[in-house]
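K.L.:
My questions will all concern the structure given below.
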Amino acid sequence: MIKFRVLGWMMVFALLVTTVACGGSSTADQETASALTQAQATELAENAMQGFASGDYAVWSRDWSQTMKNGINEAAFLAYRQEVSNVMGAYQSIESVTMAPSTTQGYVRWVVVANFENGQMEFAFSFHQDGKLVEGIFPRQLG
């Protein structure tokens, strides 16, 4: 039952991104480009995951757009974090941070693979290609 709650919270994050980025069209030939460098994306990911680990909403959401902050408040974050912790255990470290194309034109994703006590999760942070603020998060349990 807990696994289903985690999936429910993941869907909340995914739905937020869909509403934020609904104006774009899908494209398979989209060139992947980002205003963030690898170092900047890694720093952003490390900061966010430290906020996730400590339950500090301000740190977790530091690099979010105002739309994201309006859509996911501290109470929702803490509830989601608890659900993940119940299933995955404590956050351990970041395995990798890689850039990936988005299915929405004009957006790019920085995909963070994070190690937890009980496995790995992927957090795909979505950005406008020319932006440096998180416009959406697509989390999913790996394996």
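K.L.:
Among the residues of region 94-105, write down those that are touching a residue at least 24 places away in the same chain (Cβ under 8 Å) and touching a strand residue (DSSP E or B) at 6+ places or on another chain (Cβ under 7 Å).
P.N.:
ILE94, GLU95, VAL97, MET99, ALA100, PRO101, SER102
K.L.:
A further question on this structure: With the checklist (1) part of a strand (DSSP E or B); (2) surrounded by 15 or more Cβ atoms within 10 Å (Cβ to Cβ) in hand, flag the one item TYR80 doesn't pass.
P.N.:
Every condition holds for TYR80 apart from (1).
K.L.:
Name every residue in region 61-77 that is without any contact (Cβ under 8 Å) to a residue 60 or more places away in the chain, within 19 Å of SER126 (Cβ to Cβ) and part of a helix (DSSP H, G or I), in order of residue number.
P.N.:
GLN66, LYS69, ASN70, GLY71, PHE77
K.L.:
Same structure again: Take region 119-136 and flag every residue that is touching a residue at least 60 places away in the same chain (Cβ under 8 Å), small (Gly, Ala, Ser) and either under 27 Å from GLY89 (Cα atoms) or buried (at least 24 other Cβ atoms within 10 Å of the Cβ) (or both).
P.N.:
SER126, GLY136
K.L.:
How many residues does region 73-93 hold that are among the aliphatic types (A, V, I, L, M) and in contact with a strand residue (DSSP E or B) (Cβ under 8 Å, 6 or more places away or on another chain)?
P.N.:
4
Every number here is computed from the coordinates shown, using simple stated rules; none is lab data. Quick caveat: nothing in here was measured; it's all calculated off a predicted structure. Virtual Cβ from ideal backbone geometry, glycine too; neighbours counted across all protein chains shown.
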